[in-house]
Amino acid sequence: QRNLGAMIQTGVTLADGFQAIMREWADYTRDAMQCNIDGMNSIMRARTPQDLMTAQRELMNAEVQVMLNSGVRISEATLRVASDAVQSIGGRTK
């Protein structure tokens, strides 16, 4: 019965964590789309080849920044889920 309780609590912890991870992925998708929209608007406003190159460079930099920031948040959320699950199992089996 004690093991069943530990399994149920761990399942709840993992489900909550999965939701947090999915929120981070959804935020990444939203941020990436907004970045692309903003970048394409800048590209469309370019009047000279230099403006175009600048807009493309800024778009690329922004896309990389969004990807890196989101990757960190997703990794941190995943680590929290794993840590919470280990604590849940460890706390229930003692």
**Message:** With angles folded into 0 to 90 degrees, how steeply does helix 49-93 sit against the dominant principal axis of the chain? Use alpha carbons for both and round to 10.
**Reply:** 0 degrees
**Request:** Restrict the search to the stretch 1-54; then list the trypsin sites (Lys or Arg not before Pro) that DSSP places in a loop and that have at most 13 other Cβ atoms within 10 Å of their Cβ.
**Result:** Arg47
**Item:** Among Asn69, Leu79, Gly90 - extreme Cα towards positive end, dipole of the stretch 53-94, charges at beta-carbon
**Value:** Gly90
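Figure the gain on full extension for Asp51 and Leu79 (residue separation times 0.36 nm, minus the Cα-Cα span) and round it to one decimal in nm.
Values: separation 28, 0.36 × 28 = 10.08 nm, distance 4.18 nm.
The span from Asp51 to Leu79 would gain 5.9 nm if fully extended.
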**Message:** Could you work out the pair-distance distribution P(r) of the chain from its alpha-carbon pairs, with 10 angstrom bin width and percents rounded to whole numbers?
**Reply:** 16, 29, 20, 15, 11, 6, 2, 0
**Probe 1.4 Å, accessible area per residue of the chain, Å²** = 74 Å²
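So what's the back-of-envelope 222 nm ellipticity for the chain, counting only DSSP H runs of four-plus at -39500 (n - 2.57) apiece and dividing by all residues, rounded to 500?
Working: 2 runs with 89 residues, N = 94.
So the helix-based figure for the chain works out to -35000 deg cm²/dmol.
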**Item:** Student exercise, the chain dipole from Lys, Arg, Asp, Glu Cβ charges, in Debye to nearest 20
**Value:** 360 debye
**Asked** Toward the positive end of the charge dipole of the stretch 19-94, about the Cα centre and with charges on Cβ (Lys, Arg +1; Asp, Glu -1), which of Ala55, Met44, Ala32 goes farthest?
**Response** Ala32
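The values are calculated or read from the model by the stated rules, or taken from the named source; none is laboratory data. These figures come from a predicted structure and were not determined experimentally. Note: ideal-geometry Cβ built from the backbone for every residue, glycine included; neighbour counts use all protein chains shown. With ligands, DNA and RNA removed, areas are computed over all heavy atoms of the protein, side chains included. Shrake-Rupley method; radii C 1.70, N 1.55, O 1.52, S 1.80 Å.
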